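Rule-based calculations on the coordinates, nothing more; no lab input. No experiment lies behind these values; they were computed from the predicted model shown. Reconstructed Cβ throughout: ideal geometry from the backbone, glycine too, with neighbour counts over all protein chains shown.
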Amino acid sequence: MKGIVFTAFVQYVEDTFGDLIVEQMIAGCDLATDGAYTSVGTYDHGEIIQMVVELGRLSGRNVPDLVKGFGYTLFGTLVTGYPEVVNHVEDSFGLVATIDNHIHVEVRKLYPDADLPTFSHEFRGPDELHLLYESERGLADLAEGLLIACFEYFKEEIELQREDLSDGAGTRVAFNMRRVVN
C-alpha cells in the first residue's frame, strides 16, 4: 500500500485524537516500520490494519466507523494534493466514473507498483450509479468514506446503499447511488 495512505492515516489520527493517541497506537502495534512512513514509500497494508484496530481499542470506537472517517478525511487530502483530479469533472458521479479509467491510470504512472482496488461502474439512468468495489484488502469502509466526502465536496445529496457481496469480508461490495433531485 502506498505511503501517502499511511501518512494521511497518521495525520488523521493526530488531528482527530491527538499526539498521545498516535504514540500509544504505534506503541501498541508490532510494526516492521515502527510507524515511520514516507508518502512515496510502499508498506504492508497489514500495518494500517493493526493501527486501526489498536486505535479502535484506544478510542472505544468501532473499526468500520474509524475507517470510514479516515476515508472521508483522505478525500480532502487527495483533492488538496491532486486538484486536477476533481477539476475535470462537474459532479460526484463524473468523478466516481473515472476512478479506474483515469484516476488509477494516473496513479499507476506515478507508482507503477501500486496495488489498487478495482472499481467498475454502470449508470442506471441520469441520476443513478452502481459502483462495484473489489479488493482482497477488504477496505470497502474506506471507499464508502471517500464516496461520502466526494458527495459533500460537490454539494450533492446522494442516497447511498451498500451491499456486501463477499459474505461480510468487504472484499466485493456494491455501492448504489441515487441523486436526490429536488
Picking from ASP44, ASP19, ASP30, ASP15, the residue that is closer than 16 Å to ARG137 by Cβ and among the acidic types (Asp, Glu) would be ASP44
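State all residues of region 60-84 that are basic (Lys, Arg) and under 12 Å from ALA149 (Cβ atoms); if no residue qualifies, say none.
Hit for region 60-84 is LYS68, nothing else.
Do we find a residue being among the small types (Gly, Ala, Ser), surrounded by fewer than 19 Cβ atoms within 10 Å (Cβ to Cβ), free of Cβ contacts under 8 Å to residues at least 60 places away in the same chain and at positive phi anywhere in region 46-60? Before the answer, list the steps.
So the first thing to find is which residues in region 46-60 are among the small types (Gly, Ala, Ser), and the list is 46, 56, 59-60.
The next check asks that each one be surrounded by fewer than 19 Cβ atoms within 10 Å (Cβ to Cβ); those that pass are 46, 56, 59-60.
Applying the additional criterion that residues be free of Cβ contacts under 8 Å to residues at least 60 places away in the same chain yields 46, 56, 59-60.
Okay, now just the ones that are also at positive phi, so 60.
Checking region 46-60: at least one residue is among the small types (Gly, Ala, Ser), surrounded by fewer than 19 Cβ atoms within 10 Å (Cβ to Cβ), free of Cβ contacts under 8 Å to residues at least 60 places away in the same chain and at positive phi.
For the structure I just gave you, tell me whether GLU122 is in contact with a His (Cβ under 6 Å, 6 or more places away or on another chain), loosely packed, with under 14 Cβ neighbours inside 10 Å and not in a helix (DSSP H, G or I).
Yes: the conditions hold for GLU122.
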Would you please name the residue that is surrounded by the fewest Cβ atoms within 10 Å (Cβ to Cβ), looking only at residues in region 75-105 that are touching an Asp or Glu at 6+ places or on another chain (Cβ under 9 Å), touching a residue at least 12 places away in the same chain (Cβ under 8 Å) and assigned to a helix (DSSP H, G or I)? VAL85
Restricting attention to region 34-65, and to residues there that are acidic (Asp, Glu) and assigned to a loop (DSSP other than H, G, I, E, B), which single residue is farthest from the chain's Cα centre (by Cα)? ASP34
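Can you confirm whether ALA8 is surrounded by 18 or more Cβ atoms within 10 Å (Cβ to Cβ), on the phi < 0 side of the Ramachandran plot and not charged (D, E, K, R)?
On the way: surrounded by 18 or more Cβ atoms within 10 Å (Cβ to Cβ): yes; on the phi < 0 side of the Ramachandran plot: yes; not charged (D, E, K, R): yes.
So ALA8 passes the test.
Table: residues versus (1) without any contact (Cβ under 8 Å) to a residue 12 or more places away in the chain; (2) closer than 16 Å to MET1 by Cβ; (3) among the basic types (Lys, Arg).
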position: LEU110; (1), (2), (3): yes, yes, no
position: PRO117; (1), (2), (3): no, yes, no
position: GLU122; (1), (2), (3): yes, no, no
position: ASP127; (1), (2), (3): no, no, no
position: LEU146; (1), (2), (3): no, yes, no
All but one of (1) crowded, with 18+ Cβ neighbours inside 10 Å; (2) part of a helix (DSSP H, G or I) hold for GLU14; state the number of the condition that does not hold. (1)
Under 8 Å between Cβ atoms, which residue pairs at least 6 apart in sequence (or on different chains) link something in region 1-23 that is closer than 11 Å to LEU58 by Cα with a partner that is polar (S, T, N, Q)? PHE17/SER59; ILE21/SER59
ALA149 passes all but one of (1) over 13 Å from the mean Cα position of the chain (by Cα); (2) assigned to a helix (DSSP H, G or I); which number fails? (1)
Looking at ALA143, ALA169, which one is out of contact with any Ser or Thr (no Cβ under 6 Å at 6 or more places or on another chain), among the small types (Gly, Ala, Ser) and surrounded by 16 or more Cβ atoms within 10 Å (Cβ to Cβ)? ALA143
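Being farther than 29 Å from SER120 by Cα and more than 15 Å from the chain's Cα centre (by Cα) is the requirement here; does THR16 meet it? Walk me through how you get there before you give the answer.
Values: farther than 29 Å from SER120 by Cα: yes; more than 15 Å from the chain's Cα centre (by Cα): yes.
Here the answer is yes, as THR16 does meet what is asked.
Specify the residue that is surrounded by the most Cβ atoms within 10 Å (Cβ to Cβ); the eligible residues are those in region 146-164 that are of a type in the set (D, E, K, R) and within 26 Å of ILE49 (Cβ to Cβ). Even if it seems obvious, please write down each step before you answer.
Of region 146-164, the ones of a type in the set (D, E, K, R) are 152, 155-157, 159, 162-164.
Checking the rest, the ones that are also within 26 Å of ILE49 (Cβ to Cβ) come to 162-164.
On the way: ARG162: 17, GLU163: 11, ASP164: 15.
Residue satisfying both the conditions and the ranking: ARG162.
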